[in-house]
Amino acid sequence: MSGFEPTRLVGTTWDDDGNDVAQSVLTGQNMKVRALCLTTPDVVVPILFVPGIMGTRLKVTGRDKGPAWFPPESTWESLVLAFKHLVRTPADRQRLLNPDTTEVDEDGPASPDDTSKTLLSLAPGNTDAERIKWRGWGQLHADSYLGILSMLETSMAMIFDPASQGTLLTSRWKELVMDRQDAAKLGAQKPFVPLEEDHLRDAAELLYPVHAVGYNWLQSNKVSGQRLAGEIERITAYYRSKGKSCEQVILVTHSMGGLVARACAQLPGMAERILGVVHGVMPAIGAPATYKRIRAGFEGMAQVVLGRNAADCTAVMANAPGPLELLPTAQYKTWTNQGERHWLRTSYRAIGQRGMPEEMDSFLGEGDPYAEIYLNNTLDWWKLVREELIDPAGKEDKERARSENKVLAREDAKSSDFEQFAKRMDKALTLHQQIEDQYHPNTYAYYAADPQQPAWNEINWKCGPMVPGDPAKAQLAEDDLNGMLELRFGEHHRRFFTLQDGTGPGDGTVPAESGGAPKPHVVQLFKHEGKQKSHDSYDHQFSYNAKIAQAVTLYSIIRIVSSSTHFKTPSGDKCV
């Protein structure tokens, strides 16, 4: 900031009693750079960032058992990982990504910028690596989340420019937040309450250390919610041990992390421990893309690592409650110009009632998606899973035991593969019912409804040529496991049906139908419609890199703090 002497930030630590300690070195008279030491407030409100599915590093349970899911942090690592996965069979994937034999890995690489490292000096540890690990930053995929972690850490620590003696807002707060305070610019969907500088001044009286809380995304989000609750207790207890007032946290979530936070808030006493929540691009009522990937694999380069086809994906996802909980819930409907409709259909041409060719639709599994689609084990070709793809590892084990004249002792020996899958699907249904329309009372959220980032808002199996009957009643002849089916109509007619690309406005993964679902239940919802509304256009995975997402996140955090009576006396004065 011009007009002020150059300064360098010096890290602040705490002694055993929670007193501020800072160390610096003297410089020569020709180097007039002031050392800036930040004092820490007595009231601490940790910000806990909860990532999306596959955003947490996983290792095989047990000491030195090796990685289970280490997402690549560079182009070179992506290539190496791709080559490793090219030779993996569905059985290999199932064994590696087993929710019962994996756990969170805390030792991932995280290299925040110098300012963040200096601010992280408050964390216990003798080295940067130890302090980063204690904050949980190494648990997450750095390429996806290091930017938002560092942005939150530095922004919330320095709302006002320290070089101005706290008289002026930092350029980030002025340009990113205060200068953007317009409902249309931010996409606000409910009455918009602008921030005033007094709100920022009051918020600056608190300390906001940023923690990352990963979780085993293969397990149910209910289990992950319990882990999050434990972390809330552990983290707040640490700050209280330093003599600070620390009872509540703010949760900032990405994608499936929103389901984890909602499950956590339902646990006894946890809603009171959470001051507020900011959800980013949350699949609030599920996403049809989950069905697509189980039936046809992932798309693009991701398919090499995450699953090339239905065999790869079913082997993992049908055995893991977490991914199954991303399926469309009973609330999910596709938006059309004619109103809402079921999300699974087939489109085709057939002879209509007037004897002429017509474009037609048949809706598949309409009604109860759990009974009609997910737990359907009939010959219906459009059901979610094929039983023979569920447990390739179990089949290999049985074949090996048979060849070695051994008997496998399994507790579930009397249960079929589909029955085992049904138990996991029941967990997903339970989670859906538990969090249906349930949100923390102080919740803010943002999502994308961007036509340039189309998502699967529905699943459409399409046939071009004329069809000689109702496709819903046809029989499966062939399935290439990549979204191409051959259906048999009677003895002499066969037609090919192809799973269509996503066309609904969204962020490439979560459609607007799901992202916008929280509106009746939250304080504010921000809808980002891309360049047509002068909004940033962002991809689901990297949404927090977008300036508009950062702006609404910082705005929401200040609104959460300023609307709380916990930090104010009856007269309105700060209680710090």
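The values are calculated or read from the model by the stated rules, or taken from the named source; none is laboratory data. Keep in mind that this is a model prediction, so the values were computed, not measured. Here the Cβ is made from the backbone with ideal geometry for all residues, glycine too, and neighbour counts use every protein chain on show.
Condition first: loosely packed, with under 14 Cβ neighbours inside 10 Å and in contact with a Pro (Cβ under 9 Å, 6 or more places away or on another chain). Can you find one or more residues in the stretch 429-450 that meet it? Yes, there is a match, as at least one residue in the stretch 429-450 is loosely packed, with under 14 Cβ neighbours inside 10 Å and in contact with a Pro (Cβ under 9 Å, 6 or more places away or on another chain). Conditions first: (1) closer than 27 Å to residue 183 by Cα; (2) among the charged types (D, E, K, R); (3) modelled with pLDDT under 95. Residue 491 passes all but one, so which condition is the exception? Unmet condition: (1). In the set (1) surrounded by fewer than 24 Cβ atoms within 10 Å (Cβ to Cβ); (2) on the phi < 0 side of the Ramachandran plot, residue 507 fails one condition alone, (1).
Considered as a group, the residues in the stretch 163-198 that are assigned to a loop (DSSP other than H, G, I, E, B) and among the β-branched types (Val, Ile, Thr) include one that is nearest to the chain's Cα centre (by Cα), and that residue is 193. When residue 481 is tested against (1) surrounded by fewer than 15 Cβ atoms within 10 Å (Cβ to Cβ); (2) in a loop (DSSP other than H, G, I, E, B), just one condition goes unmet, and that condition is (1). Residues in the stretch 143-162 that are part of a helix (DSSP H, G or I) and free of Cβ contacts under 8 Å to residues at least 60 places away in the same chain were compared, and the one that is surrounded by the fewest Cβ atoms within 10 Å (Cβ to Cβ) is 154.
A residue that is over 30 Å from residue 199 (Cβ atoms) and not in a helix (DSSP H, G or I) occurs nowhere in the stretch 547-563. Within the stretch 233-271, the set of residues being surrounded by fewer than 22 Cβ atoms within 10 Å (Cβ to Cβ) and within 13 Å of residue 48 (Cα to Cα) comprises 233, 234, 235, 236, 248. Checked against (1) part of a helix (DSSP H, G or I); (2) within 31 Å of the chain's Cα centre (by Cα), residue 472 passes all but a single condition, namely (2).
Note on the stretch 286-299: among residues that are crowded, with 23+ Cβ neighbours inside 10 Å and hydrophobic (A, V, I, L, M, F, W, C), the one that is farthest from residue 385 (Cα to Cα) is 287.
Is at least one residue of the stretch 341-348 surrounded by 16 or more Cβ atoms within 10 Å (Cβ to Cβ), among the small types (Gly, Ala, Ser), modelled with pLDDT of 95 or more and touching a Pro at 6+ places or on another chain (Cβ under 8 Å)? Among the residues of the stretch 341-348, not one is surrounded by 16 or more Cβ atoms within 10 Å (Cβ to Cβ), among the small types (Gly, Ala, Ser), modelled with pLDDT of 95 or more and touching a Pro at 6+ places or on another chain (Cβ under 8 Å), which makes the answer no.
When you scan the stretch 269-280, do you find a residue that is touching a residue at least 12 places away in the same chain (Cβ under 8 Å) and closer than 30 Å to residue 372 by Cβ, even just one? The answer is yes, given that some residue of the stretch 269-280 is touching a residue at least 12 places away in the same chain (Cβ under 8 Å) and closer than 30 Å to residue 372 by Cβ.
The C-beta contact set for the stretch 342-353 (first residue more than 17 Å from residue 380 (Cβ to Cβ), second residue of a type in the set (A, V, I, L, M) and part of a loop (DSSP other than H, G, I, E, B), distance under 8 angstrom, 6+ apart or interchain) comprises 349/467; 350/467. Apart from one condition, residue 136 fits all of (1) at pLDDT below 95; (2) touching a Gly at 6+ places or on another chain (Cβ under 8 Å); the exception is (1). Inspect the stretch 66-81 for any residue being over 30 Å from residue 201 (Cβ atoms), modelled with pLDDT under 85 and of a type in the set (D, E, K, R) and give the result as yes or no. Taking every residue of the stretch 66-81 in turn, at least one turns out to be over 30 Å from residue 201 (Cβ atoms), modelled with pLDDT under 85 and of a type in the set (D, E, K, R). Comparison of 3, 18, 52 shows that the only residue that is in a loop (DSSP other than H, G, I, E, B) and at pLDDT 95 or above is 52.
Taking residue 547, is it exposed (fewer than 14 other Cβ atoms within 10 Å of the Cβ) and modelled with pLDDT of 95 or more? Yes.
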